[in-house]
Amino acid sequence: MTRSTLRRPGRRVALLVLAAGQVATPLLVSAFGGGAFTTADRAAEPAIVPAGYAFSIWAVIELLSLLYALWALPHGRPSPELRDRLAAPLAVVFAGFSAWLVAAELEPVWTTLAILVAMAAGLLVAVRRALAASQEIRGWGRYGSGVFWTMAGLYLGWVSVAVWLNLTTALVASGAPLDGPAGVGGQLAILVGVTATTLALVRWTRAQPAYVAAVAWAYVGAVIGAADAGQPVLAAAGGAGLAAVLVGAAAARRRGRVLRPAH
């Protein structure tokens, strides 16, 4: 047994610790920091920021992350080498989530955006490795593959939208207009970026169901948020983006490119 082989389970142990940290950090930040930046439906936030209920998806992602890390820990489970390769980028993601919450209290304008970009990069690496080994992951069984793909899809879907929305929030906090033609035009441009990104990832992930579900959830929240803010143009644009993503996912299904967990 090589020295590197001996070290590898440590990646999965670290992943479990960081997954538990994702659950604990929101409680600690709320208790000691106030959680002002992460409070839903804050005043003077961009209209396209999803309605407050939409952010409950974080609780689902945190739970799934913990369940996957627990499942992936034992060396006796299938594909220990693959689980090790996935653990490294996922550790960046899980650590990034906790760092994002802390940064939201200390310097929420641009630091949070930089952390989200790093999280998105980690998720892209993890999903790329998983897509390349999709047949091997099917061998994990219904529970293992189901938890992994649901966690990875929801996480990537939500973060791929959150990067753009966090950019909007940072620009407004830096002085960009929130209302009027310039404010609405800027948010329309952000929605175009969201749609282009998510359509590309729908195709790349082979319309992975959890990814599509997370993106649809974000769009619905954005439509409701814009409508509640009295911005019908932005609400309509959000609805058009949602329709485009759903059509893109349906087209991928017709091409037989959907990735399914093992049954």
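The values are calculated or read from the model by the stated rules, or taken from the named source; none is laboratory data. Bear in mind that the values here come from a model prediction, so they are computed numbers and not experimental data. All Cβ positions, glycine included, derive from the backbone under ideal geometry; neighbour counts span all protein chains shown. Quick note on the areas: whole protein, heavy atoms, side chains included, nothing else; ligands and nucleic acids left out. Shrake-Rupley method; radii C 1.70, N 1.55, O 1.52, S 1.80 Å.
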Pairs with Cβ under 7 Å, 6+ apart, first in region 48-70 and closer than 24 Å to Gly241 by Cα and touching a residue at least 12 places away in the same chain (Cβ under 8 Å), second of a type in the set (Val, Ile, Thr) and open to solvent by less than 50 Å² (accessible area, probe 1.4 Å): Ile48/Thr168; Ile48/Ile190; Val49/Thr169
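Just to be sure before I move on: is Thr197 in contact (Cβ under 8 Å) with a residue 40 or more places away in the chain and either polar (S, T, N, Q) or on the phi > 0 side of the Ramachandran plot (or both) in the structure I sent? Spell out the reasoning first.
Working: in contact (Cβ under 8 Å) with a residue 40 or more places away in the chain: no; either polar (S, T, N, Q) or on the phi > 0 side of the Ramachandran plot (or both): yes.
It is false that Thr197 is in contact (Cβ under 8 Å) with a residue 40 or more places away in the chain and either polar (S, T, N, Q) or on the phi > 0 side of the Ramachandran plot (or both).
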Residue that is farthest from Gly146 (Cα to Cα), among those in region 211-227 that are of a type in the set (A, V, I, L, M) and buried (at least 24 other Cβ atoms within 10 Å of the Cβ): Ala226
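Return the residues of region 194-209 that are in a helix (DSSP H, G or I) and open to solvent by less than 10 Å² (accessible area, probe 1.4 Å); say none if nothing qualifies.
From region 194-209, those in a helix (DSSP H, G or I) are 194-204, 209; that's our starting set.
Within region 194-209, Val194, Thr198, Val202 qualify.
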Close pairs (8 angstrom Cβ cut-off, 6 or more residues apart or separate chains): under 19 Å from Leu154 (Cβ atoms) in region 112-139, surrounded by 17 or more Cβ atoms within 10 Å (Cβ to Cβ) and of a type in the set (D, E, K, R) anywhere: Arg129/Arg85; Leu131/Arg206
Residue check, Ala170 open to solvent by less than 10 Å² (accessible area, probe 1.4 Å) and under 12 Å from the mean Cα position of the chain (by Cα): no
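Residue under question is Val163, and the condition is that it be closer than 25 Å to Trp100 by Cα, modelled with pLDDT of 95 or more, part of a helix (DSSP H, G or I) and open to solvent by less than 10 Å² (accessible area, probe 1.4 Å); does it hold? Working first, answer last.
Details: closer than 25 Å to Trp100 by Cα: yes; modelled with pLDDT of 95 or more: yes; part of a helix (DSSP H, G or I): yes; open to solvent by less than 10 Å² (accessible area, probe 1.4 Å): no.
Considered against the rule, which asks whether it is closer than 25 Å to Trp100 by Cα, modelled with pLDDT of 95 or more, part of a helix (DSSP H, G or I) and open to solvent by less than 10 Å² (accessible area, probe 1.4 Å), Val163 comes out as no.
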Residue among Val29, Val127 that is in a helix (DSSP H, G or I) and over 30 Å from Ala200 (Cβ atoms): Val29
Some residue of region 200-221 being more than 17 Å from the chain's Cα centre (by Cα) and at pLDDT 95 or above: no
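When you look at Arg77, is it surrounded by fewer than 16 Cβ atoms within 10 Å (Cβ to Cβ), part of a helix (DSSP H, G or I) and at negative phi, yes or no? Please lay out each step first, then the result.
Details: surrounded by fewer than 16 Cβ atoms within 10 Å (Cβ to Cβ): yes; part of a helix (DSSP H, G or I): no; at negative phi: yes.
The answer is no for Arg77.
One line per residue, one yes/no per condition, for (1) within 20 Å of the chain's Cα centre (by Cα); (2) within 18 Å of Gln208 (Cβ to Cβ):
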residue: Glu81; (1), (2): no, no
residue: Arg85; (1), (2): yes, no
residue: Gly96; (1), (2): yes, no
residue: Leu106; (1), (2): no, no
residue: Trp110; (1), (2): yes, no
residue: Ala114; (1), (2): yes, no
residue: Met119; (1), (2): yes, yes
residue: Ser145; (1), (2): yes, yes
residue: Phe148; (1), (2): yes, yes
